[in-house]
Amino acid sequence: MFTDRTDAGRRLAARLGDMGLESPIIYALPRGGVPVAVEVARELRAPLDLLIVRKIGAPGYPEVAMGAVVDGDDPQLILNDDVFAASGSDAEGLERARQAELTEIERRRSRYLGDRRPLDPAGRTVVVIDDGVATGATAKAALASLERMRAGHTVLAVPVAPAETLSEMRTVADDVVVLETPLDFWAIGQFYRDFHQLTDAETVRLLERAWAAD
């Protein structure tokens, strides 16, 4: 469906541009959401910031999300209760995993943002962008964090997601924008010709170019 994340971002920007959003802040979920969000921020002439969210994988199955944790003064933990119950993990294991991901969040924040101060979403329209949604754990954590920071209107915008996840996403975001909802969905990467894992260096370059153009 998409050549790469930049292509997806341009298509998503065109859809969002038709919504008439009032002075939005664009929040990228790194790393994969950054190339998508850069295109949206450019097209909407909107400020770009990051929400760093880390998935907490099930023991032995790291690709299966028990939940996710998001950075901030009061880090938000969103738990996928069904997956956690079936995972064989316990409260101590969950806390160890949460602390490990918080450490990685802090490393990424320092690497990607340096001394750049975060934007204040209070009372603002905020658009959360990733390269796709599978279980929704990451997006839910991001939206919960923005709600705690008193964002005025929340929009989740992604190129692709399964329909069954979207129904749940619509309960945690004011608006949900998705370009494609394929029936046969097993991984986000199947809908991209180029879905390589971005490096820290690529992510920083994209962000620096975007902020230099502000």
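Since every read-out is calculated from the coordinates, none of them should be taken as a lab result. What you see is a predicted model; the values in this text were computed from it and never measured. Virtual Cβ from ideal backbone geometry, glycine too; neighbours counted across all protein chains shown.
Figures for the structure shown
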read-out: Lys, Arg +1 and Asp, Glu -1 on Cβ, resulting dipole of region 26-163 about Cα centre, debye, nearest 20; value: 500
read-out: Ala213 paired with Arg107, simple spin-label distance in nm, labels 7 Å along Cα-to-beta-carbon; value: 3.0
read-out: Residues in region 160-179 that a label on Asp18 would reach, taking backbone N under 18 Å of a point 7 Å out along Cα→Cβ; value: 160-161, 175-179
read-out: Calculated from backbone phi, Karplus (6.51, -1.76, 1.60) coupling profile of region 171-181 in Hz, x at Gly/Pro; value: 8, 10, 10, 5, 9, 10, 10, 9, 7, 9, 10
read-out: Label of the coordinate-derived value, Rg/Rh (Cα atoms, Kirkwood Rh), listed as [x] 1.10; [y] 0.94; [z] 0.98; value: [y]
read-out: Burial order of peptide ranges 42-54, 125-137 (average beta-carbon count within 10 Å, highest first); value: 125-137, 42-54
read-out: Residue order, fewest to most beta carbons within 10 Å, for Asp115, Asp120; value: Asp115, Asp120
read-out: Sites Thr171 and Ala85 - FRET efficiency at Förster radius 22 Å, r taken between beta-carbons, to 0.05; value: 0.60
read-out: Packing-based exposure ordering (other Cβ within 10 Å, fewest first) of Val158, Val38; value: Val38, Val158
read-out: Within region 54-112: Cβ-based charge dipole about Cα centre, in debye rounded to nearest 20 (Lys, Arg +1; Asp, Glu -1); value: 360
read-out: ³J(HN,Hα) computed for each position of region 77-89 - Karplus, 6.51 cos²θ - 1.76 cosθ + 1.60, integer Hz, glycine/proline x; value: 10, 10, 9, 8, 4, 5, 5, 4, 5, 8, 7, x, 7
read-out: Chain lengthening between Asp194 and Arg117 when straightened (0.36 nm per residue, less Cα-Cα); value: 24.5 nm
read-out: Zone of Ala100's modelled label, taken as backbone nitrogen in region 40-59 under 16 Å from a point 7 Å along Cα→Cβ; value: 54-59
read-out: Burial ordering of Trp186, Trp211, fewest other beta-carbon atoms within 10 Å first; value: Trp186, Trp211
